[in-house]
Amino acid sequence: MNERVCTDIQIPDDVSNICANAFLMCSWLTSVSFPDSVKKIGEDAFCGCKGLKIVALPFGVKTVGGEAFSSCTSLESIEIPSSVSEIGRYAFRGCDSLKKVFVDAGESGRIRYLLAESGVDVEGIDFIEGESRTPPDGRYRDEIDGVVWSYLIHDGEACVGGGEQAVSVY
């Protein structure tokens with residue numbers, strides 16, 4: 001894939017497996033959205049995606065392949081659901097900016113172990129349990145990088161209403 005066009009990726013709803021090397025070295029990739037249908041993230045799938053800052057693995061994913069997110073040097077936080085049972089060797093190696101791991105309630109010890117077994121130095125990483133990153137149903141407005149987005153959450157799905165340039169009012 002041409003790295004100049006890889007910035008924001010939304011994986012289609014019918015995808016269950018992110019193949020090995022799918023986005024390898026796509027350094028311009030800044031965000032990826034996974035549907036709950038994804039069960040496996042293959043080896044080296046996002047290796048070298050230096051622009052990724054936040055990764056929220058979908059509920060239902062069971063396997064994160066070896067070196068899947070290695071060398072994602074800007075990666076600051078990841079969300080790992082309780083469905084994950086395997087994290088491959090060096091899955092997050094070289095993610096030197098990683099400071100927060102969001103996990104389901106009661107899962108921090110197990111996920112910490114899986115990460116440590118995969119080669120992650122877990123010292124200095126905050127494991128945050130039980131915080132919902134999906135807001136309840138309703139209407140919301142957020143400002144992200146100077147753009148105001150309105151969206152509706154219904155049954156856990158976000159319907160984006162569009163973005164408009166943020167205006168400061170004094």
Loop sites in the range 32-127: trypsin sites (Lys or Arg not before Pro), DSSP, at most 14 other Cβ within 10 Å: K53, K62, R89, K99
Computed accessible area, E123, all protein chains, 1.4 angstrom probe, square angstrom: 140
Long-range HN-HN contacts of G88 with modeled amide H, under 5 Å: V64, G65, G66
For the range 26-38, 3J(HN,Hα) per residue [Karplus equation, 6.51 cos²θ - 1.76 cosθ + 1.60, θ = phi - 60°, Hz, x = Gly/Pro]: 7, 5, 8, 5, 10, 8, 9, 10, 9, x, 5, 6, 6
Candidate lysines - alpha carbon under 18 Å from K39, same-chain residues fewer than 8 apart omitted: K62
Whole-number accessible area per residue in Å² for the range 11-122, which is evaluated in the context of all protein chains at 1.4 Å: 45
In order through the range 68-83: 3J(HN,Hα) via Karplus (6.51 cos²θ - 1.76 cosθ + 1.60), integer Hz, x for Gly, Pro: 3, 10, 5, 6, 8, 5, 9, 5, 9, 8, 9, 10, 10, x, 5, 5
Carbon and sulfur %, accessible surface of the range 27-129 computed with the full protein complex present, 1.4 Å: 47
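The values are calculated or read from the model by the stated rules, or taken from the named source; none is laboratory data. Please read these numbers as outputs of a predicted model, since none were measured by experiment. Neighbour counts run over all protein chains shown; Cβ positions are idealised from the backbone, glycine included. Heavy atoms of the whole protein, side chains included, go into the accessibility calculation; ligands, DNA and RNA do not. Shrake-Rupley method; radii C 1.70, N 1.55, O 1.52, S 1.80 Å.
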